[in-house]
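Asker: A single structure is presented below for examination.
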Amino acid sequence: MLQHQSMKATKWQARTRAELIIEVWEALDCESVGARELLAIQDALRETLGDGAVVSPASIARVVVDEGAVLRHPEVLNCDTKWRARILAAPVAPQQFDFSSLQAAAASLRKIDDLRKEAEAESSQQSLQHLREVIMQASQEARLLARSKIVAEADRAVAKEIAEWIHIWLQQPELFEDWLSLRQLSPEYQQKFNL
């Protein structure tokens with residue numbers, strides 16, 4: 001089994017969160033998945049895609065079990081419960097999210113979407129409204145940057161792209177992750193942002 005520390009230096013090939021989860025799980029080369037493996041995958045998500053890409057241990061478990069992993073269920077449940085308690089205890093503040101680059105915006109939107117799902121699961125209208133306010137503020141700032149005459153053209157293009165992402169998220173948050181993956185793989189996107 002790869003040591004958790006040596007995974008920090010790994011250059012992952014995955015282009016989406018789900019692909020990265022599977023790639024890290026395969027690199028761990030473990031017969032079963034429990035808390036240690038889930039935390040290692042969360043760390044790889046954070047280091048590779050940013051804080052906003054980190055999903056719950058239960059979400060990670062669902063991805064790897066679909067690929068054939070055997071779960072150590074008590075550990076998965078305990079790990080997920082502790083993670084959710086930490087997340088729910090932390091207040092949502094606009095400064096938690098970064099919309100200054102494409103990668104940071106994607107990670108922030110993923111994090112916001114995870115918080116949306118948790119708020120919906122708990123039927124917390126107050127949390128949903130607060131998230132919507134945070135995202136609307138980010139949208140307004142991105143649109144202002146996109147129209148600014150004093151901002152470099154490349155930065156305006158990034159801001160315009162981020163504003164579009166936010167618009168899509170606001171319209172159909174449950175489809176956003178799939179839409180973003182397809183958008184980032186499109187030739188137009190690749191050419192526009194020299195990827």
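The values are calculated or read from the model by the stated rules, or taken from the named source; none is laboratory data. All values reported here derive from a predicted model rather than from experimental measurement. Don't worry about glycine lacking a Cβ; one is built from the backbone with ideal geometry, like all the others, and counts go over all protein chains shown.
Asker: Against the conditions (1) closer than 20 Å to L175 by Cβ; (2) free of Cβ contacts under 8 Å to residues at least 24 places away in the same chain; (3) aliphatic (A, V, I, L, M), where does A163 fall short? Just the number, please.
Answerer: (2)
Asker: Within segment 114-121, identify whether any single residue is of a type outside the set (D, E), outside the structural domain of D43 (by TED's automatic domain parsing), surrounded by fewer than 12 Cβ atoms within 10 Å (Cβ to Cβ) and at pLDDT 85 or above, and answer yes or no. Break it down stepwise before answering.
Answerer: Taking segment 114-121 first, the residues of a type outside the set (D, E) are 115-117, 119, 121.
Then keep just the ones that are outside the structural domain of D43 (by TED's automatic domain parsing); that gives 115-117, 119, 121.
Now narrow it down to the ones that are surrounded by fewer than 12 Cβ atoms within 10 Å (Cβ to Cβ): 121.
With the extra rule that they be at pLDDT 85 or above, the set shrinks to none.
No, every residue in segment 114-121 fails to be of a type outside the set (D, E), outside the structural domain of D43 (by TED's automatic domain parsing), surrounded by fewer than 12 Cβ atoms within 10 Å (Cβ to Cβ) and at pLDDT 85 or above.
So that you can scan it fast, the table gives a plain yes or no per residue for (1) among the polar types (S, T, N, Q); (2) modelled with pLDDT of 90 or more; (3) over 15 Å from the mean Cα position of the chain (by Cα); (4) not assigned by TED's automatic domain parsing to the domain that holds Q140:
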{"position": "Q13", "(1), (2), (3), (4)": "yes, no, yes, yes"}
{"position": "R17", "(1), (2), (3), (4)": "no, no, no, yes"}
{"position": "E23", "(1), (2), (3), (4)": "no, yes, yes, yes"}
{"position": "V33", "(1), (2), (3), (4)": "no, yes, yes, yes"}
{"position": "L38", "(1), (2), (3), (4)": "no, yes, yes, yes"}
{"position": "L45", "(1), (2), (3), (4)": "no, no, no, yes"}
{"position": "L102", "(1), (2), (3), (4)": "no, yes, no, no"}
{"position": "R110", "(1), (2), (3), (4)": "no, no, no, no"}
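Asker: Now a separate question. Taking A53, is it at pLDDT below 85, crowded, with 18+ Cβ neighbours inside 10 Å and in contact with a helix residue (DSSP H, G or I) (Cβ under 6 Å, 6 or more places away or on another chain)?
Answerer: Numbers: at pLDDT below 85: yes; crowded, with 18+ Cβ neighbours inside 10 Å: yes; in contact with a helix residue (DSSP H, G or I) (Cβ under 6 Å, 6 or more places away or on another chain): yes.
Spelling it out, A53 is indeed at pLDDT below 85, crowded, with 18+ Cβ neighbours inside 10 Å and in contact with a helix residue (DSSP H, G or I) (Cβ under 6 Å, 6 or more places away or on another chain).
Asker: Among what's in segment 40-89 and is among the basic types (K, R) and assigned to a helix (DSSP H, G or I), pick the residue that is nearest to L115 (Cα to Cα).
Answerer: The selected residue is R84.
Asker: Further question: Contact list please: Cβ distance under 7 Å, first residue in segment 27-40 and without any contact (Cβ under 8 Å) to a residue 12 or more places away in the chain, second residue surrounded by 17 or more Cβ atoms within 10 Å (Cβ to Cβ), pairs at least six apart or on different chains.
Answerer: none
Asker: If you don't mind, there's one more thing I want to ask. Hey, can you tell me all the residues within segment 148-162 that are part of a helix (DSSP H, G or I) and surrounded by 12 or more Cβ atoms within 10 Å (Cβ to Cβ)? Full working, then the answer.
Answerer: Within segment 148-162, the first condition is being part of a helix (DSSP H, G or I), and the residues that meet it are 153-162.
Scanning segment 148-162 gives D155, R156, A157, V158, A159, K160, E161, I162.
Asker: Restricting attention to segment 115-130, which residues are in a helix (DSSP H, G or I) and over 15 Å from W165 (Cβ atoms)?
Answerer: Of everything in segment 115-130, those that are in a helix (DSSP H, G or I) and over 15 Å from W165 (Cβ atoms) turn out to be L115, K117, E118, A119, E120, A121, Q125, Q126, S127, L128, Q129, H130.
Asker: Of the residues R116, R110, R132, only one is more than 15 Å from V55 (Cα to Cα) and among the basic types (K, R); which?
Answerer: Testing whether each residue is more than 15 Å from V55 (Cα to Cα) and among the basic types (K, R) leaves just R132.
Asker: Can you find a residue that is surrounded by 15 or more Cβ atoms within 10 Å (Cβ to Cβ) and among the acidic types (D, E) anywhere in segment 173-188?
Answerer: There is at least one residue in segment 173-188 that is surrounded by 15 or more Cβ atoms within 10 Å (Cβ to Cβ) and among the acidic types (D, E).
Asker: Would you say A152 is modelled with pLDDT of 90 or more and out of contact with any His (no Cβ under 7 Å at 6 or more places or on another chain)?
Answerer: Spelling it out, it is not the case that A152 is modelled with pLDDT of 90 or more and out of contact with any His (no Cβ under 7 Å at 6 or more places or on another chain).
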